[in-house]
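Step one of this worksheet: look at the structure below.
The values are calculated or read from the model by the stated rules, or taken from the named source; none is laboratory data. As the structure is a prediction and not an experimental result, all values here were calculated from the model. Positions of Cβ are generated from backbone atoms using ideal geometry, with glycine treated the same way; all protein chains shown enter the neighbour counts. Remember, those area values only see protein heavy atoms, side chains included, never the ligands or the DNA or RNA. Shrake-Rupley method; radii C 1.70, N 1.55, O 1.52, S 1.80 Å.
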Amino acid sequence: MSSSPQAWSRRLAEAAAWRRAQGLWRERRMHPAGMIDFAGNDYLGLAGDPRLAEAQAAGARRFGSGAGASHLVSGHLEIHEALEQRLADLVGRPRALLFSTGYMANLGTLQALCDSDTQVFQDRLNHASLLDGAKLAGARSRRFHHRDLDDLERLLARAPSETARLVISDGVFSMDGDVANVGGLGDICTRYGAWLMIDDAHGLGVLGPQGDGCVGRAHGADQVAVLVGTLGKALGTGGAFVAGSEALIDHLIQYARPYVYTTAQPPGVAAATLAALDILAAEPERRDRLRDSIRYFRHEATLLGLPLTDSFTPIQPLVLGKSEAVMHWAARLQEAGLLVGAIRPPTVPQGEARLRITLNAIHTREALDHLLETLAQLYEEGMH
């Protein structure tokens, strides 16, 4: 095939045409003023909290708008050190290490831990960053059926005992809202001498007695050796971290390329995250309100006959099957002032296109009722 600029342009145009024809074309969505957001991951309603904005401004004034270099050059500031310790304390681990994004945390961790001799076992519905990380590391990967401990054990039993084995799962699955059986995964890993890695991006701040997630202090480093959390969801800021043993963090500092070769997180963001952790500890009523909203939404949706999945987290999928139906419903919801995620393949399997409805602690009962009424109207129209 020709590698001329014209040939590349044709190739890009053909790829775009195919995706449009399949109804899978992706577009960035603005958040128009006045819209009620049922699409984002700001589960505790902290992203717009003025206390975080004030902390971020104060951090920038004190330390500068940017870190200026990678952590290993001169960009690791005392505010980063303080944040890493607070995060480690929250999840009950000896140490934590900051990354710029959750995607980079997963890629960097897997690249540092795995090679072609590593056997990796992943839940079939794991986040793309986990799948990509294992692939880029060159690890031999197998995927077990979603939340199926028997299938995982069958695969582990067949794996050569002399190879390093790493089992990986989301904590809360981002498109389904269900939660991994962390204890069961840990028990199997113990029996087969495997390490367990959990990405608790959507559980941190929401689940657990202190907002420490579905892993946190309930499952120590002896069960979950590698714990990943993100800061841009329930904590309302940006970035991510990996928490674990002293040896794990030291290894990542030496070998995780996305950590070594990336400018450190802006200090203002670190300051805002520290403020978010203060609020998380001081205002447990935010999690209480969120749980109340989840219960109310699910109860009312059930009465209306809406086909929800089995999720007790803020992620409440409404599986419609066809991408065209999902896009139509999302457009109608937007006309009603409601922003809801329209999720299509390849993010979810073929035939499982869905509305990804997300709830947060600052949604009012009126907003929930408006969403429920609009969904019920669309569902009734679809039945006729």
*asked:* Can you give the FRET efficiency to the nearest 0.05 for R51 and T309, using r as the Cβ-Cβ distance and R₀ = 41 Å?
replied: 0.75
*asked:* Restricting to Cα pairs below 8 Å that are 6+ residues apart, what does the relative contact order work out to for the chain? Please round to a whole percent.
replied: 24
*Which residue, Q122, Q254, Q85, has the most motion in a Gaussian network model of the chain that connects Cα atoms within less than 10 Å?*
Q254
_If each residue of separation counts as 0.36 nm, what is the full-extension length gain between E366 and S3 once their alpha-carbon separation is subtracted?_
125.0 nm
*On average, how much accessible surface per residue is there in segment 2-104, in Å², for a 1.4 Å probe, leaving out ligands, DNA and RNA?*
60
*asked:* Computing the accessible area with a 1.4 Å probe over protein heavy atoms, can you report the carbon and sulfur percentage for segment 240-342?
replied: 55
*Specify which residue in the list A67, Y43, L125 is farthest towards the positive end of the charge dipole of segment 1-152, using unit charges on the beta carbon of Lys, Arg (+1) and Asp, Glu (-1), about the Cα centre.*
L125
*Run the accessible area of segment 1-63 with a 1.4 Å probe and give the carbon-and-sulfur part as a rounded percent.*
55
*Which value, in debye to the nearest 20, gives the size of the charge dipole of the chain about its Cα centre, when Lys and Arg are +1 and Asp and Glu are -1 at the Cβ?*
1040
*asked:* Test of understanding: what is the full-extension gain from T302 to R332, defined as 0.36 nm times their sequence separation minus their Cα-Cα distance?
replied: 8.7 nm
*Per-residue [θ]222 nm for the chain (sum of -39500 (n - 2.57) over DSSP H runs n ≥ 4, rounded to 500)*: -14000 deg cm²/dmol
*Of L248, Q316, A17, whose Cα points farthest to the positive end of the dipole of the chain (charges on the beta-carbon: +1 Lys, Arg; -1 Asp, Glu; origin at the Cα centre)?*
A17
_For segment 146-180 and segment 317-384, what is the centre-to-centre distance using only Cα atoms, to the nearest Å?_
30
